[in-house]
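Trainee: Take this structure first; my questions come after.
The values are calculated or read from the model by the stated rules, or taken from the named source; none is laboratory data. Note that the structure is a prediction, hence the values are computed from the model and not measured. No Cβ is skipped: glycine too gets one built from the backbone with ideal geometry, and neighbour counts run over all protein chains shown. These area figures cover heavy atoms from the full protein model, side chains too; ligands, DNA and RNA do not enter into them. Shrake-Rupley method; radii C 1.70, N 1.55, O 1.52, S 1.80 Å.
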Amino acid sequence: MRRLIYCSQACQDFDPDLLVDLLRQARATNERAGLSGMLLYCSRSFLQLLEGDEDALAETYERIRADRRHTNLRRLLDAEVSQRLFPDWSMGFDHVDDDELAQDLPGYTPATSYPLMNPDLITDGKVAESLLTLYARNKIR
Ligand code: FAD
């Protein structure tokens, strides 16, 4: 089993309707492929964790990478793991606002653009994993 985390920059503002479309699409496909994970969106940036079978993960990431709705994808983690962090979620989701991030991420100032892909803040996969796990608690499933 593999876990992959990447961050990316949205090419447009994602309003709630667009996010719902995206999640519906992702959840249906992930369920069929046996993938689970968590997606954060904040100020036109995405942070996503995906986990499951290696081949299914590679195929899905190729599709995500080619998606013109976002750009500048940066892979933060791609590792063999023994168990899932999000076994029950075909794709958990949270739309984080600037104030929440400022509270939870030391060093973050709300003026930062694309905060979830800022390498000074999300320094590596472990920081990303912690942030995703933090927001996964009590959030939309
Ligand atoms: P098609 O449906 O044939 O679409 C081709 C292209 O059209 C896409 O690449 C995209 O650029 C564009 N497109 C597709 N739908 C829309 C739409 N509603 N509005 C505007 N443009 C559109 N897919 C998963 O299966 N699992 C995931 O976990 C997942 N996470 C994602 C996370 C992010 C941040 C983004 C941006 C996309 C994610 N997707 C996910 C969607 C994925 O990128 C593909 O769009 C989807 O899997 C369908 O692939 P397809 O090859 O059938 O594309």
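Trainee: Go through region 39-72 and name the GluC sites (Glu not before Pro) that are in a DSSP coil and have 13 or fewer other Cβ atoms within 10 Å of their Cβ.
Mentor: none
Trainee: Accessible area per residue of region 1-96 at 1.4 Å probe, in Å²?
Mentor: Dividing the accessible area of region 1-96 by its residue count gives 49 Å².
Trainee: A follow-up question, please. Heavy atoms only, probe 1.4 Å: what % of the accessible area of the chain goes to carbon and sulfur, would you let me know?
Mentor: The C+S portion of the solvent-accessible surface of the chain is 47 percent.
Trainee: Okay, moving on. To the nearest 10 degrees, how steep is helix 54-65 against the longest Cα principal axis of the chain, on a 0 to 90 scale?
Mentor: Around 40 degrees separate the two axes.
Trainee: Just check region 2-138 against the gyration tensor rule for me: Cα atoms, a ≥ b ≥ c as the square roots of the eigenvalues, rounded for a/c under 1.5, and otherwise prolate or oblate depending on whether a/b exceeds b/c.
Mentor: Prolate.
Trainee: Follow-up question, since we're still on this one. For region 14-83, which trypsin sites (Lys or Arg not before Pro) pass both filters: DSSP loop (anything but H, G, I, E, B) and at most 12 other C-beta atoms within 10 Å?
Mentor: ARG68
Trainee: Separate question: In nm, give the distance between the simple-model label positions of ALA102 and SER130, each being 7 Å from the Cα along the Cα-to-Cβ direction.
Mentor: Here the answer is 2.2 nm between the modelled labels.
Trainee: Right, something else. If you average the alpha carbon positions of region 92-129 and of region 43-71, how far apart do those two centres end up, in angstrom?
Mentor: Going from one Cα centre to the other spans 19 Å.
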